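One structure is given here, and the rest of the page talks about it.
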Amino acid sequence: MNPIPVNTPLLNGNELKYLTECIETGWISSEGPFISKFEQQFSTYIGRDYGVAVSNGSAALDIAVKALNIGPGDEVIMPTFTIISPAQSVVTAGALPVLVDSDSLTWNMDVTQIEDKITSRTKAILVVHIYGLPVDMDPVIEIAKKHQLKIIEDAAEMHGQTYKDKMCGSFGDISIFSFYPNKHITTGEGGMLLCNDKELAERCKKLRNLCFEPNGPRFVHDELGWNYRMTNLQAALGVAQLEQLEGFIEKKRAMGTTYQKGLSFLKDKGYQLPVEKTNFSENIYWVFGIVAPNQAEKEKIVSHLTESKIGTRPFFWCMHEQPVFQKMGLFKNEKYPMAEKLARNGFYLPSGLGLDLIKDVKFIKDNFYSLLK
Ligand SMILES: *Cc1c(COP(=O)(O)O)cnc(C)c1O
């Protein structure tokens, strides 16, 4: 049996053709026709007016925070159970992440905890859709309206997922995506900011390009930004991948359904599998996560799978338990029991588009059986 990696991307469409076009025409930098093409096509797909392609999803978050003028003295409400990128963007901007715990079923931020965390310093709610199901957006939108807060939507795991028939990535004042190779579509490294506000989009473009003044004198800057530009090579991949996104989503859902069927016996053994659907969305299974009954059992099953060359990844580690933030004096004595439980007991199985739904999933299931029978 060959190893089953936790992710393998599929690059079987027009990727090579479009990349060849870049090489043959010499357009390989962040100038070049694929960039605006990718920005236009992806923003249209999500239903937004403007797209700004950048070098990765974390860069998109840095720009989003700065473009909304969030800085020292400001607070941003976000989940503690997330990848570090959104929290890092807020902290490096000099603002304070204010954390909320997770919902036990969807693993997303518990939106009922948001309103209690609002203070006079709160500027924004940063939602992060986790693993396959979106955050329950209606209450978030209502709270944001009532308290005049901005919404930053991290949709890096949600390409093509919908909330009540509207695309994820269409809800934030600014929304962001990542195109890392384990996302639904990839550009190798890459990301995009989406919004409907022309001025905001222009500001994002300026921030990704060292704050060169688009109309001012060259090499004279009145603000600091970053070089977060995407290359034409990356955008060429993006255009080719986007052509295949609908098929990729079908494949992810088929993977989820196959795992659900094959692993349903785990529920009787105290394991939690992903929710298949809520009243607002059907799971897109960016990754197929599993929560073991306790940490010891998780470690046992993960090392058994590793020995059988089945790739796994642990769940995110909570922001309030990050050594880097603790050293900065952040989140002292804060406790978020549900998120802590997910972080300790959760892991995910091979979830890439290259997974063989018959052979690989059967092998993975047999491994669970042999350990837990
Ligand atoms: C992948 C991811 C990011 C970061 O994207 P990169 O392109 O890897 O920088 C941010 N947020 C979430 C939720 C992600 O899954």
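Before moving on, here are some points about what is shown:
- In the context of the full protein assembly, K117 retains an accessible surface of approximately 60 Å², using a probe radius of 1.4 Å and ignoring ligands and nucleic acids.
- Cross-link partners for K145 among the lysines, with Cα-Cα distance under 26 Å and sequence neighbours closer than 8 places in the same chain left out: K66, K117, K123, K164, K166, K198.
- The overall shape of the stretch 150-237 is oblate: from the C-alpha gyration tensor, with semi-axes ordered a ≥ b ≥ c, the ratio a/c is 1.5 or greater and a/b is no larger than b/c.
- Additional length obtainable on full extension of the chain from K145 to H221, 0.36 nm per residue less Cα span: 23.9 nm
- For K373, the lysines whose Cα falls under 29 Å of its own Cα, not counting residues fewer than eight places away in the same chain, are K252, K261, K267, K269, K277, K298, K300, K309, K341, K359, K362, K365.
- Highest-fluctuation residue, K252, K123, K164 considered, GNM on the chain with Cα pairs under 10 Å: K164
- Averaging 1/r over each pair of different alpha-carbon atoms in the stretch 40-109 and inverting the result gives 13.5 Å, the Kirkwood hydrodynamic radius.
- Residues Y180, Y50, Y18, Y259 ordered from highest to lowest accessible area at a 1.4 Å probe: Y180, Y50, Y18, Y259.
- Computed on the stretch 245-372, with alpha-carbon pairs under 8 angstrom and 6+ residues apart, the relative contact order is 32 percent.
- Overall form of the chain per C-alpha gyration tensor (a/c, 1.5; a/b vs b/c): oblate
- Look at where the Cα atoms of the stretch 92-145 and of the stretch 180-195 average out, and the two centres are 23 Å apart.
- Rounded if a/c under 1.5, otherwise prolate or oblate - the stretch 292-364, Cα gyration tensor axes: prolate
- For the chain, the relative contact order is 23 percent, taking Cα pairs closer than 8 Å that sit 6 or more residues apart in sequence and dividing their mean separation by the residue count.
- Of R48, R313, the residue with the largest accessible area leads and the full order is R313, R48 (1.4 Å probe).
- Residues whose placed amide H lies under 5 Å from that of F212, excluding near-sequence neighbours: none
- Alpha carbon convex hull of the stretch 17-173, volume per residue in cubic angstrom: 122 Å³
- Within the stretch 310-327, backbone nitrogen closer than 19 Å to the virtual label 7 Å beyond the Cα of Q295 toward Cβ: 313-327
- Remark: the S303-N69 segment gains 79.7 nm on full extension, using 0.36 nm per residue and subtracting the alpha carbon distance.
The values are calculated or read from the model by the stated rules, or taken from the named source; none is laboratory data. Given the structure is predicted, the values throughout are model-derived calculations rather than measurements. Methodologically, a virtual Cβ is constructed for each residue, glycine included, from the backbone with ideal geometry; neighbour enumeration extends over all protein chains shown. All accessible areas refer to the heavy atoms of the entire protein, side chains included, with ligands and DNA or RNA removed. Shrake-Rupley method; radii C 1.70, N 1.55, O 1.52, S 1.80 Å.
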